[in-house]
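A.B. asks: Got a structure for you, written out below as structure tokens; questions coming shortly.
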Amino acid sequence: MIKVTESARQGLASFFGDKEVRPIRIHLANGGSSNRQLLLALDEECSGDKSVACDDFTFLINKRLAECTGDLYIDKTAVGFSIDSEKPLVDDCGLYPKGGSRGCGE
């Protein structure tokens, strides 16, 4: 499940403005083991994705990554968005070098 706060919804609506709303991928950031975090990026759906509709937005997440994270909570911050996961990001879920990140790796 993906839960989006009202401030995050407003932030996304503001980001898209009068542009076409595109799917938003939740992906695991590349980085060292101590720097794991989830980020948002515009992307297209891939065969290994879970697609979740939330109001006017569609969120995409790699199915294996979704299993690793559990429920996700998206909020607006002063500098963008934060994504917190129900489960701690203790490893890369076997996603690198393909999948979980941007792109259509299986």
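Values in this text are rule-based calculations from the coordinates and carry no lab data. What you are looking at is a predicted structure, and each value in this text was computed from that prediction instead of being measured. No Cβ is skipped: glycine too gets one built from the backbone with ideal geometry, and neighbour counts run over all protein chains shown.
A.B. asks: Give, in whole angstrom and from largest to smallest, the semi-axes √(5λ) of the equivalent ellipsoid of segment 2-85, with λ running over the eigenvalues of the Cα gyration tensor.
C.D. replies: So the equivalent ellipsoid measures 20, 16, 12 Å along its semi-axes.
A.B. asks: To continue, here is another question. Exposure proxy check: Asp56, Asp18, Asp49 ranked by fewest other beta carbons within 10 Å?
C.D. replies: Asp18, Asp56, Asp49
A.B. asks: List, in order, the whole-Hz ³J(HN,Hα) value for each residue of segment 66-80 obtained from phi through the Karplus relation with A = 6.51, B = -1.76, C = 1.60 and θ = phi - 60°; use x for Gly and Pro.
C.D. replies: Working through the residues one at a time gives 4, 5, 6, 8, x, 4, 10, 10, 9, 9, 8, 10, 5, 10, x Hz.
A.B. asks: Charges only on Cβ, +1 for Lys and Arg, -1 for Asp and Glu: so what's the dipole of segment 2-85 about the Cα centre, in debye to the nearest 20?
C.D. replies: 260
A.B. asks: Another question, if that's okay. Nearest 5 is fine: what % of DSSP beta bridges in segment 2-85 come out antiparallel, could you say?
C.D. replies: Of the beta bridges lying entirely in segment 2-85, close to 75 percent run antiparallel.
A.B. asks: Quick one: net charge of Ser7's neighbours, Cβ under 9 Å, K/R +1, D/E -1?
C.D. replies: Cβ neighbours under 9 Å give a net charge of 0.
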